[in-house]
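Visitor: Here it is: the structure, laid out below.
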Amino acid sequence: MENKLERKFLKGTYLSNFYICSISFVLFDEKIIFKSAEHLFQAMKATNLEDVKKIANCETPKEAKKIGNEIKIIQNWDLIKIEKMKEIVFQKFFQNEILKKELIKMKDEDLIEWNDWGDIFWGKNIETGEGENNLGKILVEVRNNLIKK
């Protein structure tokens with residue numbers, strides 16, 4: 001079995017959805033600039049443009065997440081959130097050339113979103129090792145797609 005490198009990342013690195021970088025995206029037929037992937041992820045859950053703008057105007061990703069957890073969300077969110085995250089992460093790196101180059105540099109590395117806040121859906125718990133690591137898998141998929149382009 002081949003020994004692969006593993007990149008462990010936590011909140012604060014450019015791989016995190018909380019990393020500040022502009023992402024332009026159209027929601028409800030309006031082009032909006034989001035301050036982070038987290039802002040866009042939370043806005044995609046919204047059922048109306050007013051909530052999208054409220055989230056887009058949040059100063060921090062943490063604030064965007066808080067508002068995103070308070071708004072009414074689209075009915076099928078749990079069924080589509082992984083596909084939406086793939087779209088968001090692709091746009092984050094496609095629109096930000098420096099970040100794209102950094103991600104591509106990691107070639108064959110596995111990416112694991114270790115965290116200490118118990119998110120075992122998007123990452124893995126740093127203490128228990130439990131978790132699906134969906135964000136890490138998406139980052140690897142996006143990196144591989146960007147390498148092909």
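Visitor: Put +1 on the Cβ of each Lys and Arg and -1 on the Cβ of each Asp and Glu in the stretch 6-148; which of Ile67, Gly129, Leu27 then has its Cα farthest toward the positive end of the dipole?
Guide: The residue sitting most towards the positive pole is Leu27.
Visitor: 222 nm [θ] for the chain, helices only, -39500 (n - 2.57) per DSSP H run of 4+, per residue, to 500?
Guide: After summing the helix terms and dividing by the residues of the chain, the value is -13500 deg cm²/dmol.
Visitor: Just add up the charged neighbours of Gly123: K/R +1, D/E -1, any other residue whose Cβ is under 9 Å from the Cβ of Gly123. Mind dumping the intermediate values first?
Guide: Details: positive: Lys124; negative: Glu113, Asp119, Glu132.
With Lys, Arg at +1 and Asp, Glu at -1, the neighbours total -2.
Visitor: Of the listed peptides 120-133, 19-32, what is their order by residue-averaged count of other C-beta atoms within 10 Å, with the highest listed first?
Guide: On the way: 120-133: 15.9, 19-32: 13.9.
Final packing ranking: 120-133, 19-32.
Visitor: Now a separate question. Which cross-chain or sequence-distant (5 or more) residues have an amide H under 5 Å from the amide H of Ile32, H modelled 1.01 Å from N in plane?
Guide: Phe25, Val26, Leu27
Visitor: Lys54: which lysines have alpha carbons under 25 Å from its alpha carbon, excluding same-chain residues fewer than 8 sequence positions away?
Guide: By straight Cα distance, Lys54 reaches Lys11, Lys31, Lys35, Lys45, Lys62, Lys65, Lys66, Lys72, Lys81, Lys84, Lys86, Lys92.
Visitor: Here is a follow-up. Quick one, which of (i) 15.3, 51; (ii) 20.3, 70; (iii) 19.0, 59 is the actual Rg and Dmax of the Cα atoms in Å calculated for this model?
Guide: (i)
Visitor: Moving on. Name the residues whose placed amide hydrogens come within less than 5 Å of the amide hydrogen of Cys21, ignoring near sequence neighbours (fewer than 5 apart) on the same chain.
Guide: Counting only residues 5 or more places away or on other chains, the set is Ser36, Ala37.
Visitor: Continuing with this model, one more query. Rounded to whole Hz and in sequence order, give me ³J(HN,Hα) for the stretch 117-131 from the Karplus expression 6.51 cos²θ - 1.76 cosθ + 1.60, θ = phi - 60°, writing x for Gly and Pro.
Guide: 10, x, 7, 9, 8, 7, x, 10, 6, 5, 8, 9, x, 7, x
Visitor: For the stretch 92-149, what Kirkwood radius comes out of the mean inverse Cα-Cα distance, in Å? Walk me through the numbers on the way to the answer.
Guide: On the way: mean 1/r = 0.0837 Å⁻¹.
Evaluated over the stretch 92-149, this radius sits at 11.9 Å.
Visitor: Mind ordering 51-58, 139-146 by average Cβ neighbours within 10 Å, highest first? Walk me through the numbers before you get to the answer.
Guide: Working: 51-58: 20.4, 139-146: 18.1.
Ranking the peptides 51-58, 139-146 by packing returns 51-58, 139-146.
Visitor: Whose amide H sits under 5 Å from the amide H of Glu132, counting only residues 5 or more places off or on another chain, with H placed in the peptide plane?
Guide: For Glu132, whose amide H was placed from the backbone, the distant partners under 5 Å are Phe121, Gly123.
Taken together, the values in this text are just the output of simple stated rules run on the coordinates, not laboratory data. No experiment lies behind these values; they were computed from the predicted model shown. Counting neighbours? That spans all protein chains shown, and the Cβs are built from the backbone with ideal geometry, glycine included.
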